[in-house]
Amino acid sequence: MRRMTARPANAHQARLLRLLRDGGPNSRAQLGDQVELSRSKLAVEVDRLLETGLAVADGLAASRGGRRSHNIRLAPHLRFLGATSVDVAVTNAELEVLGHLNHPMDVREGPVAVFEQVLSMAAKLRDSGLAEGFDGAGIGVPGPVRFPEGVPVAPPIMPGWDGFPVREALSQELGCPVTVDNDANLMAMGEQHAGVARSVGGFLCVKIGTGIGCGIVVGGTVHRGATGSAGDIGHIQVEPAGRLCACGNRGCLEAHFSGAALARDAETAARAGQSAELAARLAAAGRLTAADVAAVAAMGDATSLGLIREGGNRVGQVIAGLVSFFNPALVVIGGGVTGLGHTLLAGVRAQVYRRSLPLATGNLPIVLGELGPAAGVTGAARLISDHLFSPV
């Protein structure tokens, strides 16, 4: 697979590439309005991007008086791969998703099994004609990541992943640069780029899936913390001496409400005869999932609605503390359990608005993510494009 033939040579070119990525095709004059460069310097930098093949001319721009110039856009052949939660997508350089595959898989099967599946899905997307190869890949994993090295660090729900060289291994297999981050961070980047958090400089993006994490965006940039573990809110205690968590502690939020915890509680309720609908699904499949709970709740099942509402209250309890500490402009709820929808959201909102000070919550929207499964892969593509659209 081919690699990108060039990288921006300086910060000016990197800035122009990101403007074209985020805003689409633009004229030289419009680009000049957004960067602090003289017309002659701007012309030099744009010409260099055209010469390297990172950008191309794209039709005549609207007239602003005088001779009309061509629009400039990112090279249409550039392809980025985004993968998270075994969602794999191909995007163009403007981060439009061209193809998207999903394959349910348990991350506890280990990195080799997961990566074999990711590579198989990437090959299917490539061979479908969407890409000749990949210019870069962004990867998300559901645990803390030492970001500079692209290595997971002691992820509680990912046995066998601690210290695994994700970036190096996938870069060799895919033949392109790879970046790796926590999947909640990537979901936040996706919602910031093309979802509900567009143009929001400071917000929290809470991902509720197999585990629970939080992407923290400060001044438009993801905050990862000193060692990459910022936002690991699933291990904040919500119940002293509560359930044993995978991390070894008791009473963690993740142990009491996550996709796995919800499924377990639903199975307990079904076996206790508290819900005929849950019991029927359990008998048919031998197990329950969060999606089963969501489906039965949509039918008005009181037990399922109660489980979701209780989970929302617990998540809201933690988010209330985060809101008081961080004072975000927006809270986004996403991840695999957002199919639980407005019942979950109502529980979260009730706790946050009740527990946090009015100054912090008076104008605070708490909303479901807009992109669904595309949030993570869009964020992953954004991550690798940020890397590639940086000066060498």
**Message:** Pick from A43, A346, A188 the residue whose mean-square fluctuation is largest in a GNM of the chain, springs joining Cα atoms under 10 Å.
**Reply:** A43
**Request:** Pop out the ³J(HN,Hα) list for region 211-219 in order, Karplus 6.51 cos²θ - 1.76 cosθ + 1.60 with θ = phi - 60°, rounded to Hz; leave Gly and Pro as x.
**Result:** x, 10, x, 9, x, 10, 10, 10, x
**Cut-off 13 Å between beta-carbons: net charge of the residues surrounding A269, Lys and Arg +1, Asp and Glu -1** = -3
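Sum up the charges of everything whose Cβ sits under 12 Å from the Cβ of G334, counting Lys and Arg as +1 and Asp and Glu as -1, but leave G334 out. Please list the in-between numbers first.
On the way: positive: K207; negative: D183, E191, E370.
Residues close to G334 contribute a combined charge of -2.
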**Message:** Using a Gaussian network model on the chain with a 10 Å cutoff between Cα atoms, which of A241, A294, A380 fluctuates the most?
**Reply:** A241
**Request:** Arrange the residues E109, E45 by how much accessible surface each exposes, largest first, with a 1.4 angstrom probe.
**Result:** E109, E45
**Complete:** Rounded to whole angstrom, the alpha-carbon centroid of region 105-135 lies from that of region 314-392 at a distance of 28
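Taking a ≥ b ≥ c as the square roots of the Cα gyration tensor eigenvalues, with a/c under 1.5 meaning rounded and otherwise prolate when a/b beats b/c, else oblate, which class fits region 318-390? Intermediate values should be presented prior to the final figure.
Working: a/c = 3.34, a/b = 1.60, b/c = 2.08.
Oblate, since a/c reaches 1.5 and b/c is not below a/b.
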**Fill in**
Neighbours of R167 by Cβ distance under 12 Å: Lys/Arg at +1, Asp/Glu at -1, summed charge -3
**Nearest-10 value in Å² for the accessible area of E168, using the 1.4 Å probe** = 110
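If you roll a 1.4 angstrom probe over the protein chains with everything in place, what fraction of the accessible area of region 131-177 belongs to carbon and sulfur, to the nearest %? Could the numbers behind the result be given before it?
Numbers: 950 of 1800 Å².
Result for region 131-177: 53 percent of the exposed heavy-atom area is carbon or sulfur.
Rolling a 1.4 Å sphere over the protein heavy atoms, what is the accessible area per residue of region 306-392, to the nearest Å²?
On the way: 3530 Å² over 87 residues.
For region 306-392, the solvent-accessible area averages 41 Å² per residue.
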**Prompt:** Among M299, M121, M187, which one moves the most in a GNM of the chain with springs linking Cα atoms closer than 10 Å?
**Reply:** M299
**Message:** Given a 1.4 Å probe and heavy atoms of the protein chains only, how would you sort E173, E149, E254, largest accessible area at the top?
**Reply:** E173, E149, E254
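The values are calculated or read from the model by the stated rules, or taken from the named source; none is laboratory data. Values in this document were obtained by computation on a predicted structure and should not be read as measured data. So basically every Cβ, Gly included, is an ideal-geometry build from the backbone, and we count neighbours across all protein chains shown. The accessibility values were calculated without ligands, DNA or RNA, using every heavy atom of the protein model including side chains. Shrake-Rupley method; radii C 1.70, N 1.55, O 1.52, S 1.80 Å.
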